[in-house]
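Okay, so here's the structure we're looking at.
The values are calculated or read from the model by the stated rules, or taken from the named source; none is laboratory data. A quick note: this is a predicted structure, and the numbers were derived from the prediction, not measured. Cβ: placed from backbone, ideal geometry, glycine included. Neighbour counts: every protein chain shown.
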Amino acid sequence: MTTNKDCLIYMRTSTLTNKDGDSVHRQKSSIMKWVKSNGYSVKGEYWDIESGKMDTMVRPEFMRMISDSEGLGIKVLVFSDQSRLSRDIIVQESSYRLLSSRGYSLISSENPNSFLEDTPTSNLIRQIMGSFCEFDRSSTVSKLKVSRIRKRESNRDKGIVTRNRTGKCEGSKRILEIHPQLESLILKLRRKGLSLRKISTLLKEEHGYSISFKSVGNILEDIDWMKKEKRRMKRLETV
């Protein structure tokens, strides 16, 4: 049996990198402090690992919360702050309007009145706070972009590159990064005049590496490029 003091709580972290971090713990701690102080009982908790720009109505855990709330008859949803609903002000405000029209009470544990009041002043404050959240998101994205550019430049100088020879800072590791010993092994087989297909076969039969002949060719190209790049960097150091 539910009461008007029952609620559901919602947390959101932006990426998988925050999955094992303390963000979700901080959110839950803030929420539970408000819940206990106001005599509420938590009947369900939900956690999405989704971008703050994503529409709330396509987040799996958010939609599960709405579905459960309908079945339980609970209309109080508690977040740590407005940005957990969304960092995008348009998504945030449209979600708030939609849920409010369906009888939901949205509560921010850090600023309890920000969702509950529907006065011109509270609307202005809510939208200003949403704007700050959106600015923070945009600022973070911009900083990460600059960081990636610098990382690519640094990695290119170290010979850590993509197939297009641009500096690499993301994506899966190349074969030589995972198995650096392959460089000397493939070069040794190639010096014997073996074809790419034969090298691929021997790597599988004698060394347990399952590498296609095309990948063998790519590895040889990478090795050749890295040697040239090292010579280039050495020349630059002597200038």
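The table that follows gives values for the structure above.
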| read-out | value |
| --- | --- |
| Residues within the stretch 166-225 that are small (Gly, Ala, Ser), loosely packed, with under 10 Cβ neighbours inside 10 Å and either in contact with a Lys or Arg (Cβ under 6 Å, 6 or more places away or on another chain) or modelled with pLDDT under 85 (or both), tallied | 3 |
| Options Ser41, Ser37, Ser51; residue that is of a type in the set (Gly, Ala, Ser), more than 17 Å from Leu99 (Cβ to Cβ) and at pLDDT below 80 | Ser51 |
| Residues located in the stretch 31-62, provided they are more than 11 Å from Met11 (Cβ to Cβ), without any contact (Cβ under 8 Å) to a residue 60 or more places away in the chain and β-branched (Val, Ile, Thr) | Val42, Thr56, Val58 |
| Contacts under 8 angstrom Cβ, first residue in the stretch 201-220 being in the same structural domain as Leu185 (by TED's automatic domain parsing) and assigned to a helix (DSSP H, G or I), partner among the acidic types (Asp, Glu) and surrounded by 13 or more Cβ atoms within 10 Å (Cβ to Cβ), 6 or more apart | Ile219/Glu183 |
| Options Met65, Met57; residue that is assigned by TED's automatic domain parsing to the domain that holds Ser14, farther than 16 Å from Lys5 by Cα, of a type in the set (A, V, I, L, M) and crowded, with 18+ Cβ neighbours inside 10 Å | Met65 |
| Tally, over the stretch 90-108, of residues that are closer than 20 Å to Thr13 by Cβ and outside any strand (DSSP E or B) | 3 |
| Filtered residue count, the stretch 77-98, keeping only those that are buried (at least 20 other Cβ atoms within 10 Å of the Cβ) and at pLDDT 85 or above | 5 |
| Residue check for Tyr46: buried (at least 19 other Cβ atoms within 10 Å of the Cβ) and either of a type in the set (Asp, Glu) or over 30 Å from Ser138 (Cα atoms) (or both) | no |
| Glu237 being touching a strand residue (DSSP E or B) at 6+ places or on another chain (Cβ under 9 Å) and either outside any helix (DSSP H, G or I) or modelled with pLDDT under 80 (or both) | no |
